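The values are calculated or read from the model by the stated rules, or taken from the named source; none is laboratory data. The structure displayed is predicted, hence computed values, not measured ones. Every residue, glycine as well, gets a Cβ built from its backbone with ideal geometry; the counts of neighbours run over all protein chains shown. Calculation scope for accessible area: heavy atoms of the full protein, side chains included, ligands and nucleic acids excluded. Shrake-Rupley method; radii C 1.70, N 1.55, O 1.52, S 1.80 Å.
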Amino acid sequence: MARRLPPLNGLKAFEAAARHESFTRAAQELCVTQGAVSHQVKALEARLGVRLFQRERQRLVITDAGRVYLDVVRDAFDRLAAGTERLLQRQNSGVLTVSTSPDFAAKWLVQRLGGFAEAHPDIDLRVSASLHQVDFAAEDVDLAVRHGDGNWPGLDATRLCAEQLFAVCSPKLLAGRRGIRTPADVLRFPRLQLDDGKAWPRWLEAAGLPDGDAAHGTVVNRASMLIDAAVDGQGVALARTTLAASDLINGRLVRPFAVALRLSSSYWVVCPRATAALPKVALFRTWLIGQAADDVRKLNAIKSPRGAGAREPAGQLPDRG
C-alpha cells in the first residue's frame, strides 16, 4: 500500500517555524522568504486537516495537535539524519579493493601503503596484483591502476604521470676508471632486458650507437625483476619513470644519461564512472595522484644526467606494467 506522506518542504517549514516560534526566523534558516514558509505551513495544515499554529499579532503559538505532530516529525528527521550519516560513513570507510599489475604493486604501490593506512585508518585497503584486466561489472573491485593509453570506454580514467624510458644502473657502475661515463660505455656492460628484446635497439639508436657487439645480460619477463637486477649492480637496464622512481629518489639507481624515449603509454587510475565520485574512491585516487606528483618533484630535483634529452615517442612497447 502506498504511503500517505506530506510534502517534505512543508514538514521542514513546520519544524523550523515551531523551533523558532517565528515564520521569519524559519525563513532565514531555510533561505526562503517569510511568505514561502507561511504558504508551505498553510498547505501542510490543509493537507492534514489540522491547525498546527495559532497566529497571534506578534507571535506564533503551536497548537496541542501541532506539538504532538512535531514530536513525530523531529523523530523522522533525526532518523533520516542518522541513516544518512551512516551511509556517508560507509562510503568514506570500509573495504576498498584495488586491482593493479604485479610490477606496479611491487615497485611503486606496496612501499607507500603504510602511509595511506596511517592517514586513513577507516579504510580497509585490499590490493589484488594480477595481469588480468579487471571487469568492474563482474568483479568486486572498486578501482584499478592500468598501464595503457587511457582509452577505456565507460570508465573514468586519470593519468598518474607522463613516462619516459631511460637507462638506469647502480651507482657503483659509475665508479672507477672503467666506470660508465658516456652512452658508448653501456656497450661494455651487460644489458639487462625484457624477453621481448625491443627496447634496447630503440634506445641505442636514440643515443647514436650501434646495436652491435654489446655484452648481453640477464633476460627477464617482468619489469620489476629488471629494475631489481639493476639495483644489484648486474648491469644496465631500461626502466620506465614510474617503476624506477623510488629507487632513483633513494639513490639505489642513477640515470647516467639524459637520453630517453617518450612513451605513449603510462599508468592510469580507472574506475566505473558511476562510482568515481564515491568518497573512498575519490580519496584513494587523489592520494595516488599526489604520490605520483611528489615523485615528479623529487626526480626533477635530482642532478640532471649527462647527454641528450628525450627523443621522439618510442611507440607502443609491450605492456609489462
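A few comments on the model shown:
- Evaluation of V73 against (1) in contact with a strand residue (DSSP E or B) (Cβ under 9 Å, 6 or more places away or on another chain); (2) open to solvent by less than 20 Å² (accessible area, probe 1.4 Å) (one fails), failing number: (1)
- Listed by first and then second residue, the pairs linking a residue in region 105-116 that is under 13 Å from V145 (Cα atoms) and modelled with pLDDT under 95 to a residue that is exposed (fewer than 15 other Cβ atoms within 10 Å of the Cβ) and of a type in the set (D, E, K, R), with Cβ atoms under 7 Å apart and 6 or more places separating them unless they lie on different chains, form an empty list.
- Selection status of L226, at pLDDT below 90 and under 18 Å from W108 (Cβ atoms): no
- Of all residues in region 50-77, those that are in contact (Cβ under 8 Å) with a residue 40 or more places away in the chain have Cβ atoms under 6 Å from Cβ atoms of residues that are open to solvent by 50 Å² or more (accessible area, probe 1.4 Å) and not in a helix (DSSP H, G or I), 6 or more apart or on another chain, in L60/E21; V61/Q54.
- Count of region 249-262 residues which are touching a strand residue (DSSP E or B) at 6+ places or on another chain (Cβ under 6 Å), open to solvent by 20 Å² or more (accessible area, probe 1.4 Å) and not in a loop (DSSP other than H, G, I, E, B): 1
- Within region 1-58, the residues that satisfy the criterion of being hydrophobic (A, V, I, L, M, F, W, C), within 18 Å of V72 (Cα to Cα) and crowded, with 17+ Cβ neighbours inside 10 Å are L11, A13, F14, A16, A17, A18, V41, L44, L52, F53.
- Considering P183, P201, P190, the condition of being without any contact (Cβ under 8 Å) to a residue 12 or more places away in the chain and either surrounded by 16 or more Cβ atoms within 10 Å (Cβ to Cβ) or not polar (S, T, N, Q) (or both) is satisfied by P201 alone.
- Matching entry among A293, A277 (being under 18 Å from H120 (Cα atoms) and either exposed (fewer than 15 other Cβ atoms within 10 Å of the Cβ) or among the basic types (K, R) (or both)): A277
- A129 in contact with a helix residue (DSSP H, G or I) (Cβ under 9 Å, 6 or more places away or on another chain), of a type outside the set (S, T, N, Q) and open to solvent by 40 Å² or more (accessible area, probe 1.4 Å): yes
- Just so you know, in region 157-173 the residues that are of a type in the set (A, V, I, L, M, F, W, C) and under 13 Å from Q234 (Cα atoms) include one that is most open to solvent (accessible area, probe 1.4 Å), and it is L173.
- Verdict on A82 being under 15 Å from R285 (Cα atoms) and without any contact (Cβ under 8 Å) to a residue 12 or more places away in the chain: no
- Matching residues in region 230-246 - criterion: being under 22 Å from A105 (Cβ atoms), open to solvent by 10 Å² or more (accessible area, probe 1.4 Å) and touching a strand residue (DSSP E or B) at 6+ places or on another chain (Cβ under 8 Å): L238, R240, T241
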